[in-house]
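The block underneath contains the structure these notes are about, expressed in structure tokens.
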Amino acid sequence: MMIRYWHPGSEIETVRRQLDKMFDQFALNASNTASTWQPAIEVIDAGDNLILKAQLPGIEGKDVEIQVTQKAVGIAGEYRTEQPEGARKLHSEFRYGKFQRVLQLPYPIQNDQVKADFTNGILTLTLPKVVEARNKVVKINLGETAPEAPTEAVN
């Protein structure tokens, strides 16, 4: 007898992907043009900084525009196709065209001190948090608390 464990999270993710694909196809057919797409994004809280990573495979840095405010990051650009003259595309699952992604940040950041790195199709933005939003650790010494004032007895 074989025991199978049910993983509802993976089944829900499969349904979500299928729905995304269906709506992408619907948008493609409705507009008769290449549908826009959004790059996958990951945000990590690294203490004093937020690290934002975006997957932009096959895109050149000159085709990406980044705008950063204290509360949001916008990434836009275009993935262009190149094929030899006279050639025709028989099948393609690549997503070409313009993309745009605006992400609201969980903490305000110092947008004038953002650092960017674009290596191997991965855009990495280091977003320093404003001082007020950083996790500050304050040590409390219980040995230095003031003694309590005596209380009067009530008859």
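The values are calculated or read from the model by the stated rules, or taken from the named source; none is laboratory data. Only a predicted model underlies this, so the values are computations on that prediction, with no experimental measurement involved. Ideal geometry is used to build each Cβ from the backbone, glycine not excepted, and the neighbour counts take in all protein chains shown.
Of note:
- Any chance GLU65 is over 12 Å from LEU127 (Cα atoms), charged (D, E, K, R) and modelled with pLDDT of 90 or more: yes
- Cross-chain or 6+ apart pairs with Cβ under 8 Å, the stretch 42-63 first and in the same structural domain as ALA76 (by TED's automatic domain parsing) and among the polar types (S, T, N, Q), then surrounded by 15 or more Cβ atoms within 10 Å (Cβ to Cβ) and part of a loop (DSSP other than H, G, I, E, B): GLN55/PRO39
- Residue in the stretch 40-50 that is within 16 Å of GLY121 (Cα to Cα), modelled with pLDDT of 85 or more, among the acidic types (Asp, Glu) and surrounded by 10 or more Cβ atoms within 10 Å (Cβ to Cβ) present: yes
- Pair list, Cβ < 9 Å and 6+ apart or interchain, from the stretch 100-125 residues that are over 11 Å from LYS71 (Cβ atoms) to residues that are aromatic (Phe, Trp, Tyr) and modelled with pLDDT of 90 or more: THR124/PHE118
- The residues listed here are GLU85, GLU78; of these, the one that is within 24 Å of LYS21 (Cα to Cα) and acidic (Asp, Glu) is GLU78.
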